[in-house]
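Here is the structure we will look at, set down as structure tokens.
The values are calculated or read from the model by the stated rules, or taken from the named source; none is laboratory data. The structure displayed is predicted, hence computed values, not measured ones. Cβ coordinates were reconstructed from backbone atoms using ideal geometry, including for glycine residues, and neighbour counts include every protein chain displayed. To get the accessible areas, we keep the full protein, side chains included, count just its heavy atoms, and leave off ligands, DNA and RNA. Shrake-Rupley method; radii C 1.70, N 1.55, O 1.52, S 1.80 Å.
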Number of protein chains: 2
Amino acid sequence: MTPSLLLANAVLTDGRRVDIHVKNGEIAALHVAGQPANHGTERIDLDGALVIPGLVDGHIHLDKTLLGLPFIPHIPGGSVAERVAAEKTLRRSLTMPVEQRAIRLVAQVAASGTTAMRSHVDIDDLVKLDGLHGLLRVREAARGHADIQIVAFPQSGIVTLPGAADMLDQAVREGADLVGGLDPAGFDHDVEGHLDVIFGIAERRGVGIDIHLHDFGSLGCSELRRIAERTTASGLGGRVAVSHAYALGNVDDGEFGLTAEALARAQVAIMTNGAGPVPMPPVKRLVAAGVTVFSGSDNIRDAWSPYGNGDMLERAMLVGYRNELSADEELELALGLATDAPAKVLGIARYGIGEGMPADLVAIPAGSVAEAVVNHPTRKLVMKRGRVIAQDGRLVAPLCI
Amino acid sequence: MTPSLLLANAVLTDGRRVDIHVKNGEIAALHVAGQPANHGTERIDLDGALVIPGLVDGHIHLDKTLLGLPFIPHIPGGSVAERVAAEKTLRRSLTMPVEQRAIRLVAQVAASGTTAMRSHVDIDDLVKLDGLHGLLRVREAARGHADIQIVAFPQSGIVTLPGAADMLDQAVREGADLVGGLDPAGFDHDVEGHLDVIFGIAERRGVGIDIHLHDFGSLGCSELRRIAERTTASGLGGRVAVSHAYALGNVDDGEFGLTAEALARAQVAIMTNGAGPVPMPPVKRLVAAGVTVFSGSDNIRDAWSPYGNGDMLERAMLVGYRNELSADEELELALGLATDAPAKVLGIARYGIGEGMPADLVAIPAGSVAEAVVNHPTRKLVMKRGRVIAQDGRLVAPLCI
């Protein structure tokens with residue numbers, strides 16, 4: 001049980017200036033700012049900082065990061081299959097265990113205000129379930145800093161990799177929260193076979209689904225519509241997400257409309273990280289069509305990309321910049337991609353700044369949501385379940401494994 | 001004359017660890033690290049930070065920024081003409097003079113390591129030469145922090161705006177270093193008439209040219225080829241740049257090749273800021289074709305965009321991210337867009353870390369250029385002409401007007 005604490009002079013996104021009374025890990029009360037603190041209650045003055053709920057990273061790869069190692073030059077490679085091969089080569093040479101790399105990344109993202117995340121973990125013929133076991137330990141060690149959801153991710157395919165389907169099933173039985181997928185057409189060349197395995201596990205084990213889909217154009221959109229159909233047929237609406245879905249960014253308006261409508265109806269969510277060089281799901285048009293769009297860091301200094309730092313407020317800026325989200329309400333939408341939307345997708349039931357909510361929050365020195373997104377300044381304070389875990393961008397609650 | 005100073009334990013981009021002896025505003029000598037400092041020489045330990053020459057911002061709008069004012073919500077508007085109109089409306093309401101806004105921006109970019117920049121300044125029927133006069137004062141006041149080159153920029157057109165040609169000419173006579181242009185086809189609807197004015201002023205006054213070109217596709221590329229032809233005809237090769245040139249990002253390979261070759265032959269440089277939502281000049285392909293490509297911030301929290309912070313190392317990251325520059329040598333190319341390339345375009349004769357060079361430099365806590373670009377960490381130290389002007393991201397040499 002954490003002691004009672006008063007976060008004084010917080011400004012909420014609606015402009016109200018309040019004192020936030022935190023007790024037993026929850027927001028006990030929101031008072032009009034300026035009330036004297038109760039005797040014995042620790043008081044932290046936020047000096048007018050904007051307070052938002054903890055950032056949520058909807059797509060991270062904790063097992064892939066090379067953080068903690070000296071900078072490793074990027075190995076070029078174009079296709080997904082080439083990148084998978086390059087990653088395996090690199091992984092064989094790594095001496096630092098997955099837990100050590102992953103915990104560094106959790107510490108880094110927690111310091112920037114991420115209090116919940118969905119991490120994919122590679123399940124393949126090389127690492128088998130080792131990565132999962134590492135991340136299960138990290139999830140436990142990091143409980144005081146962030147909630148970690150784990151997706152068993154077939155980075156080397158399912159249909160084309162003997163034993164993969166069984167390993168994915170085993171991963172879910174051993175603690176993975178969701179089952180993943182990868183380019184049913186472009187990587188595995190068998191859309192139905194790939195989806196049979198994933199949806200089979202999801203239905204059998206009662207878990208959700210999150211599929212990586214890089215396939216472009218009409219191919220990718222046809223897969224999206226098939227995923228939507230199977231989601232409805234399985235009664236999994238609201239528990240299925242597709243990550244990347246570049247295809248939504250390079251089809252004509254007719255096919256886009258058709259596909260967006262299918263996703264909305266089936267309640268399939270779309271994750272975009274605002275990828276740099278490729279077509280991108282158009283955020284505003286998807287949201288207007290009723291699709292839940294959320295964001296995540298994706299790769300952070302790993303074999304797939306040297307870029308990335310795990311800051312979800314900077315990510316909101318990047319996705320907003322790529323989508324020309326500029327008016328204040330558009331920048332609020334950008335922030336929503338890193339807060340409300342992924343919270344909903346991750347199934348975080350109690351989320352937000354309100355009485356009785358878990359005290360997972362971030363204080364940002366900015367005058368408004370719009371300013372917070374475009375400037376993404378160093379976070380003043382991060383709180384997880386009522387405990388201050390970071391101040392001025394630095395972790396103050398040690399995290400180790 | 002600045003005193004003698006030793007920057008100890010610097011790491012250069014080639015990996016050498018050196019002590020940099022700074023004297024009279026220049027790099028007097030590079031010693032193997034670890035030599036004892038001379039008696040009386042101040043010593044700053046850089047602790048292995050990477051030292052690069054001062055960052056150069058090839059495209060900034062010092063007069064447009066709203067820095068120093070409370071955050072002003074973005075006014076939506078699609079076309080260039082709509083944005084010009086929205087900006088004029090906003091500008092009429094501004095109470096803070098251009099010098100006050102611009103000097104704040106210079107201070108901000110100097111703190112992040114920009115020691116030279118090219119700023120456009122609006123010349124139109126509303127502000128006339130007022131913006132120029134403001135920036136001339138800023139240029140003078142900021143001499144100890146950054147070298148500022150000024151482009152007289154016809155933001156409201158030339159052919160379509162009575163008096164604009166004369167004002168541009170007057171601006172150059174009063175101190176602008178270059179003459180600018182704006183979408184000869186898309187905005188002014190008279191390519192030859194627009195270019196006649198610009199090239200006329202450039203030849204008459206002996207100044208360079210920097211043209212904003214947002215026109216897409218074959219229209220934009222035909223303008224680029226016409227600019228190349230006129231550059232050669234005027235003998236202005238090496239002194240003409242085109243900013244944005246989105247068109248290079250959305251034509252077929254044949255027209256791209258033709259246009260790139262024309263630009264290379266005529267020595268017309270291309271500026272890209274890695275714009276978010278629009279097609280972008282492909283950096284690697286242009287460089288491979290022999291075109292000088294450089295980068296700049298463009299808009300920084302102004303009527304055109306709420307985004308931007310003026311950090312040219314972050315800009316190098318963004319342009320690299322948009323162009324998928326990932327291997328170490330590609331990330332070195334990304335840094336070059338913010339250092340060597342704009343230095344060449346701006347005509348900075350003595351540039352680089354070497355004996356006898358001006359002591360304009362930046363120390364970055366990173367192990368390599370690649371790491372510096374992807375992480376763009378807070379600068380450890382910024383030096384302009386031998387004087388430390390910023391440390392740990394904060395300006396230590398006051399700048400005011």
Cα pair count fraction exceeding 24 Å, expressed as % - segment A:133-267: 30 percent
Delta accessible area of at least 40 Å² on complex formation, residues of segment B:309-346, 1.4 Å probe, chain isolated as reference: B:LEU318, B:TYR321, B:ARG322, B:SER326, B:ASP328
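Would you work out the Kirkwood radius for segment B:308-364? I mean one over the mean of 1/r across all pairs of different Cα atoms, in Å. Spell out each step's value before the answer.
Details: mean 1/r = 0.0805 Å⁻¹.
About 12.4 Å for segment B:308-364.
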Centre separation in Å (Cα based) which lies between segment B:120-138 and segment A:251-324: 40 Å
Euclidean distance between Cα centres, segment B:4-41 to segment A:21-56, Å: 50 Å
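Do any GluC sites (Glu not before Pro) in segment B:145-237 lie in a DSSP loop with no more than 15 other beta carbon atoms within 10 Å, and if so, which? Let's see the in-between values first.
Working: sites: B:GLU174, B:GLU192, B:GLU203, B:GLU223, B:GLU229; in loops: B:GLU174.
Within segment B:145-237, the qualifying GluC sites (Glu not before Pro) (loop, at most 15 other Cβ atoms within 10 Å) are B:GLU174.
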Over chain A: helical MRE at 222 nm, DSSP H runs n ≥ 4 each giving -39500 (n - 2.57), nearest 500: -10500 deg cm²/dmol
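If you filter segment B:1-59 for trypsin sites (Lys or Arg not before Pro), then keep DSSP loop positions with at most 14 other Cβ within 10 Å, what is left? Walk me through the numbers on the way to the answer.
On the way: sites: B:ARG16, B:ARG17, B:LYS23, B:ARG43; in loops: B:ARG16.
Passing sites in segment B:1-59 are B:ARG16.
Out of the total accessible area of the protein assembly as shown (probe 1.4 Å, heavy atoms of protein only), what percent is carbon and sulfur? Intermediate values should be presented prior to the final figure.
Working: 14370 of 28610 Å².
After summing per-atom areas, the C and S share lands at 50 percent.
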Relative contact order %, chain A, counting alpha carbon pairs below 8 Å whose residues are six or more apart: 21 percent
Mean accessible surface per residue for segment B:161-210, computed with a 1.4 Å probe while every protein chain stays in place, in Å²: 35 Å²
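For segment A:99-184, what relative contact order do you get, as a whole percent, if you take Cα pairs closer than 8 Å and at least 6 residues apart?
Relative CO of segment A:99-184 lands at 32 percent.
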Residues in segment A:72-107 that, when all protein chains are in place, have 10 Å² or more less accessible area than the chain alone would give (probe 1.4 Å): A:PRO73, A:HIS74, A:PRO76
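Would you please report the Å³ per residue occupied by the convex hull of the alpha carbon atoms in segment B:101-191?
On the way: hull volume 8.5 nm³, N = 91.
Expressed per residue, the convex hull around the Cα atoms of segment B:101-191 is 94 Å³.
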Within a Gaussian network of chain A (alpha carbon springs, distance under 10 Å), most fluctuating of A:ILE123, A:ILE148, A:ILE348: A:ILE348
Distances in nm from A:VAL278 to the matching label points in the other copies, shortest first (labels 7 Å along Cα to Cβ): 2.5
Surface accessible to a 1.4 Å probe, per residue, for the residues of segment B:281-401, Å²: 33 Å²
Chain A: most fluctuating residue of A:SER79, A:SER93, A:SER305 per GNM, C-alpha cutoff 10 Å: A:SER93
Area accessible to solvent at A:MET383, 1.4 Å probe radius, in Å²: 0 Å²
Förster-model FRET efficiency, 45 Å R0, A:GLU355 and B:ALA85, C-beta, rounded to 0.05: 0.45
Relative contact order [Cα under 8 Å, 6+ residues apart], segment A:28-175, whole percent: 25 percent
Rounded to 5, percent antiparallel among DSSP beta bridges of segment B:16-150: 45 percent
Number of partner chain Cβ atoms within 10 Å, mean per residue of A:375-388: 1
Bins of 20 Å, starting at 0 and running to the largest distance - Cα pair percent for the protein assembly as shown: 16, 46, 33, 5, 0
Distance between segment B:333-357 and segment A:140-201 - C-alpha centres, whole angstrom: 49 Å
At 7 Å out from Cα toward Cβ: A:GLN35 inter-copy label distances (nm, ascending): 6.6
Candidate lysines for bridging to A:LYS88, where Cα separation is under 27 Å - those fewer than 8 sequence places away on the same chain excluded: A:LYS64, A:LYS128
Rounded to whole Å, sorted largest first: equivalent-ellipsoid semi-axes of chain B, Cα gyration tensor: 35, 24, 19
Probe 1.4 Å - accessible area at A:THR292, Å² to nearest ten: 30 Å²
The protein assembly as shown: antiparallel DSSP beta bridges as a percent of all, rounded to 5: 40 percent
Equivalent ellipsoid, segment A:176-332 (semi-axes from 5 times Cα gyration tensor eigenvalues, Å): 24, 18, 15
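Total accessible area buried between chains A and B, 1.4 Å probe, in Å² to the nearest 100? Working shown, then result.
Numbers: alone 15650 and 15620 Å², together 28610 Å².
Counting protein atoms only, the buried area is about 2700 Å².
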B:HIS31, A:HIS244, reordered so the largest accessible area comes first (probe 1.4 Å): B:HIS31, A:HIS244
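For segment A:1-97, what does the accessible surface come to per residue with a 1.4 Å probe? Please give it in Å². Working shown, then result.
Details: 4480 Å² over 97 residues.
Per residue, segment A:1-97 has an accessible area of 46 Å².
Rounded, prolate or oblate: which fits segment B:345-401, taking a ≥ b ≥ c as square roots of the Cα gyration tensor eigenvalues, rounded meaning a/c under 1.5, else prolate when a/b beats b/c?
Details: a/c = 1.85, a/b = 1.08, b/c = 1.72.
Oblate, since a/c reaches 1.5 and b/c is not below a/b.
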Residue-by-residue Karplus 3J(HN,Hα) for segment A:56-70, coefficients 6.51, -1.76, 1.60, Hz, glycine and proline x: 10, 9, x, 6, 9, 10, 4, 6, 8, 4, 9, 4, x, 9, x
Distances in nm from A:GLY393 to the matching label points in the other copies, shortest first (labels 7 Å along Cα to Cβ): 0.2
